[in-house]
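Take a look at the structure set out below.
Nothing in this text is a laboratory measurement; each read-out follows from the coordinates by a stated rule. Because the structure is predicted, anything quoted here is derived from the model rather than measured. Note that we place each Cβ from the backbone using ideal geometry, even for glycine, and neighbour counts take in every protein chain shown.
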């Protein structure tokens, strides 16, 4: 028996959320819920008589606990293209009167070892056989990280762990995307329900499989005109004509960290090194002329773009690393400004790039009338883990978590795969 949906007169009703507003819609919901309760009582009378009250009580508790659930206890897990490490966030969601709220209870970034950074950087060139081995090994690594996080913070009664995995290949134009770490055994290894692989279905439906964060921007951060994440790549989302619009803007930390690494640094702290360089106007012009920036949304980026288009272009220029960093920072700021259809309002910025003071100052330079908001550290650093937890809970509720207006897919859908620990 399937309790996730109820079909009446060929109409599918998704799981219902409570509301204090007893209008026409809620009368219908009350009728549906009452009908289901009546069905449960009548259908299982035989079992009630045979096996006693405990079984019937179990069914009633099951109905009210899962179909009318208001609180969710989850872990969101994210590994981004900047290769900083694995972000984990323990989230409590509440849905009341169709409004979602959240608390980030615990959060942590587990850095990758040098060996893992090198493997993930070069995996795009791996053979199929080596990718399969990498996927197995990464699934085991991710499982250990999740278990340690749960044990460290003594987390119990989880509804699910919602994990993005790590993107190795992203070629939606070829109908293909690969996130490793999403093998079924992750559920067994962690002994948790897992929701993962959020991108594949969207690509199969003709979408870009990215960006996925905008549904969270709409549900959790709707008071801001624009939401931008400055991670390995930057992406933006906003409302336009009652639709959520979103797309990737440009590489950010994938390129900035690449050149910081050449100075034996993990990253350019606050953009201090970039600031000492000079703009190479010819390089800046050629970067801005790359084909990706001429495309209309929906559009998305993968590391292949950096490897095949951006880095070879930059390396054509015999200039200092400081100048490369400064020029690319200017490129990011300019493309960010160009991505906004209007240049006034509020701009909510998250991701590691928000710590780059020089980059933020250049974005403000191109958007002098825009209010830039940078949130508290927990949201700043763990927003993507937070939103993948949201995608997971929406999947558990069989509700839409991917917007076709964002990805270009044939239709809105509820994406992801659920693995049980059993």
Strands (runs of 3 or more DSSP E) contained entirely in segment 204-275, each with at least 1 residues that are free of Cβ contacts under 8 Å to residues at least 24 places away in the same chain and more than 14 Å from the chain's Cα centre (by Cα): 233-240
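Hey, can you tell me all the residues within segment 315-330 that are closer than 30 Å to residue 214 by Cβ and surrounded by fewer than 21 Cβ atoms within 10 Å (Cβ to Cβ)?
The initial filter retains those residues of segment 315-330 that are closer than 30 Å to residue 214 by Cβ, namely 325, 327-330.
Selection gives nothing.
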